[in-house]
2 protein chains.
Amino acid sequence: MMLNMKKIVLDCLGGDNGLPAMVGGALVALKQNPELQLVMVGDASVIKPQVEQFGDRVEIIDTKVNIAMDEHPTTAIRTKTDSSLVLGLEQLKTRDDCGAFVSAGSTGAVLTGGFMKIGRIPGVSRPALCPVMPTLIEGQEFMLLDAGANMDCTAVQLVQFAVMADAYKKAMGMEQPRVALLNVGTEETKGNEVVKTAHAMLIKLHNAGIINFVGNVEPDQVFKGSVDVVVADGFWGNVLLKTSEGMAKFVFKSLKSIIKSSFSAKIGALFLGRKLKKFKAEKMDKTNATIFLGLKKSVVKMHGNADARKVTSALQYAMTVVDLDLHQRIEQAIAKVETLLGENA
Amino acid sequence: MMLNMKKIVLDCLGGDNGLPAMVGGALVALKQNPELQLVMVGDASVIKPQVEQFGDRVEIIDTKVNIAMDEHPTTAIRTKTDSSLVLGLEQLKTRDDCGAFVSAGSTGAVLTGGFMKIGRIPGVSRPALCPVMPTLIEGQEFMLLDAGANMDCTAVQLVQFAVMADAYKKAMGMEQPRVALLNVGTEETKGNEVVKTAHAMLIKLHNAGIINFVGNVEPDQVFKGSVDVVVADGFWGNVLLKTSEGMAKFVFKSLKSIIKSSFSAKIGALFLGRKLKKFKAEKMDKTNATIFLGLKKSVVKMHGNADARKVTSALQYAMTVVDLDLHQRIEQAIAKVETLLGENA
């Protein structure tokens, strides 16, 4: 039991399901993890009666102000200074005993808020949104970055994404993370100009023994489990993320309508049902808790539609990253690479 | 019966399955379509005995030389002048009675060959690879372009893709094709610089009544059936295409292993089996026959692994495009837009 673990700040108002989901998920996480301490930001009159059982493991910051999903991120962060998102990020920023912030608020607002309130690690050009994606190999996932925070990335920014993800994976205990670059072909001559330049830089880092760069990976190969990190510009990364969501839904909805339309298929579905649900819940929800790498402290974004179960799992994820010293590790890794690329570029 | 339909040139050596698949697929297409006339390019000693029954509906250009899947496209097209791909494209280029060319050869070689041998329609900056993708709505598909032929597209090139696809869909009988721009959000302020500029230009064309531009579409929405054309840079388009292939495979392989691992799931699969196979064959093979828009004559690319059944369906697809006067329609549409963008850009 890590009794000195830093506290996790939970935005209890963000997301489609609001307080009931956030508080419900927090209660389960608190019960399952005796070392977990929370700073819950939201309506105290609702939260307090439910968390009294946990004594001083739970602190409450009282507010009823939420940033809605469709508000303009920068304007909302600037003007709604008493919102749960802004108040929560300020806790994370100013308090040494807080180590991570978790929210189901709009991606834009969480990113902008993290960027403006927490700030970048020195040397980091652009923080990146880093969802975890499933693969065919049991227990193996890959991290995709950037998945949509940054448009028009330069080659150096792509290389920084690779370095940040490598530092993260190593902090999580992986020895030689296999880092790949998203491209339309495996040969180094393939792709657009940015990706070709980034490829050459990553080869340098690989040859210098800094990163285990395994080369280009095509989008249809990422789910095979042969790479641990997939580096992309936020535009392509977002296309990958959303296409995979869209195609998964397409297949499941098509299966549903096949089952509905046929009696024998209905019987088949009865036998398959629970297994299918388990598969969807376990494999397809991988992207629920997404870390934003490159900030001075850990900001974790949940799906907007996160329910209590997903809130619990996002808090468990936050517990795994909260004491990893990601800030120091990434700062050092970026500095090391800057020297090398500066000398050789 | 359209007895004056132009002939279709079939590359009988390209692809993973070679002559047996190409000839097998051609035989079925010839039987099913009395108006179909073919120029078959490949080993005459194998082809001739099988097609004699069709008399002068089939012409053979004899060659045993194939361009392999891994050859460098430009070099192969330049040096292998007696290959089935080059000989076939030359038939298409030089003969007025030939209207389309169909090949399962490597995408790079077919694209490069089409570009070098057939040439672009006047005014077209970059021809585009245009696969057809499935949607949840029965009988409805969308065309994706560019799906990988062109990297680092400009906004004007994206607009040209929209115009070409619009002309194609109208030629196919659709009155107001819904043309969308692939983007990471629906708002016009979203995306990278190229996509924002293209968005503004497409709005102009929409307001001028030239194109039914329905705005940005996110990659998870394309399969819903609410758009007929999705415009993208070849890099993002290829990411969309390959991610959807990869995710579909991921889901099907995962289902397979669920079924393998459980007795009750196996029983379920027995009942569902045929329906599932039908779904995969009908919905997931949509991208088999892919037209290359912007060339002076129609070039159709099949999947490298096309079997006889897919060859038949690709020939049927070629029959639907062969007499559409795509060249004239696209040339006129591009010229019209050039004037408008020239005046207003």
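Read the figures in this text as sums done on the coordinates, not as results from a lab. Keep in mind that what you see is a predicted model, and the values were worked out from it rather than measured. Please note: Cβ atoms are built from the backbone with ideal geometry, for glycine as well, and neighbour counts cover all protein chains shown.
Within straight-line reach of A:LYS196, meaning a Cα separation under 23 Å, sit the following lysines at least 8 residues removed in sequence or on another chain: A:LYS204, A:LYS336, B:LYS242.
Once a ≥ b ≥ c are taken as the square roots of the eigenvalues of the Cα gyration tensor of chain A, is the result rounded (a/c under 1.5), prolate (a/b larger than b/c) or oblate (a/b not larger than b/c)? Before the final figure, lay out each step's value.
Details: a/c = 1.80, a/b = 1.14, b/c = 1.58.
Verdict is oblate for chain A.
The loop-placed GluC sites (Glu not before Pro) in segment B:1-83, going by DSSP, that have at most 13 neighbouring Cβ atoms within 10 Å of their Cβ come out as B:GLU35. Volume per residue for segment B:1-82 equals 96 cubic angstrom (convex hull of Cα atoms). If the chain linking A:ARG78 and A:ARG95 were pulled fully straight, counting 0.36 nm for each residue of separation and taking away their Cα-Cα distance, it would gain 4.1 nm. Pairs from the list A:LYS31/A:LYS296; A:LYS249/A:LYS296; B:LYS31/B:LYS93 with a Cα-Cα gap above 32 Å: A:LYS249/A:LYS296. Between the beta carbons of A:THR339 and B:GLU188, assuming R0 = 41 Å, the FRET efficiency works out to 0.50 to the nearest 0.05. Among the aspartates and glutamates, which have Cα under 12 Å from the Cα of A:LYS280 when same-chain residues fewer than 8 positions away are ignored? By straight Cα distance, A:LYS280 reaches A:GLU245. Residues whose amide H comes within less than 5 Å of that of A:ALA149, counting only those at least five positions distant or on another chain, are A:LEU129 (H built at 1.01 Å from N in the peptide plane).
Note on A:SER45 and A:HIS327: the model spin-label points, each 7 Å out from Cα along the C-beta direction, lie 3.7 nm apart. For chain B, complete DSSP H runs whose alpha carbons reach 18 Å or more along their own long axis and whose mean Kyte-Doolittle score is 1.0 or higher are B:18-32. Both the radius of gyration and Dmax for the protein assembly as shown are 27.6, 91 Å, in that order, over alpha-carbon atoms. Under 16 Å of direct C-alpha separation, and excluding same-chain neighbours fewer than eight residues apart, B:LYS297 reaches these aspartates and glutamates: B:ASP11, B:GLU90, B:ASP96, B:ASP97, B:ASP323, B:ASP325, B:GLU331.
At an R0 of 41 angstrom, the distance between the Cβ atoms of B:ALA200 and B:ILE137 translates into a FRET efficiency of 0.85. If you average the alpha carbon positions of segment A:270-301 and of segment A:123-184, how far apart do those two centres end up, in angstrom? After rounding, the separation between the Cα centres reads 17 Å. The simple spin-label model puts a point 7 Å past each Cα toward its Cβ; for A:ASP56 and A:LYS277 those points are separated by 4.3 nm. About its Cα centre, segment A:131-286 has a charge dipole of approximately 1140 debye under the convention of +1 per Lys or Arg Cβ and -1 per Asp or Glu Cβ, with nothing else charged. Here is the tail figure for segment A:198-297: Cα pairs spaced more than 20 Å apart come to 58 percent of all pairs.
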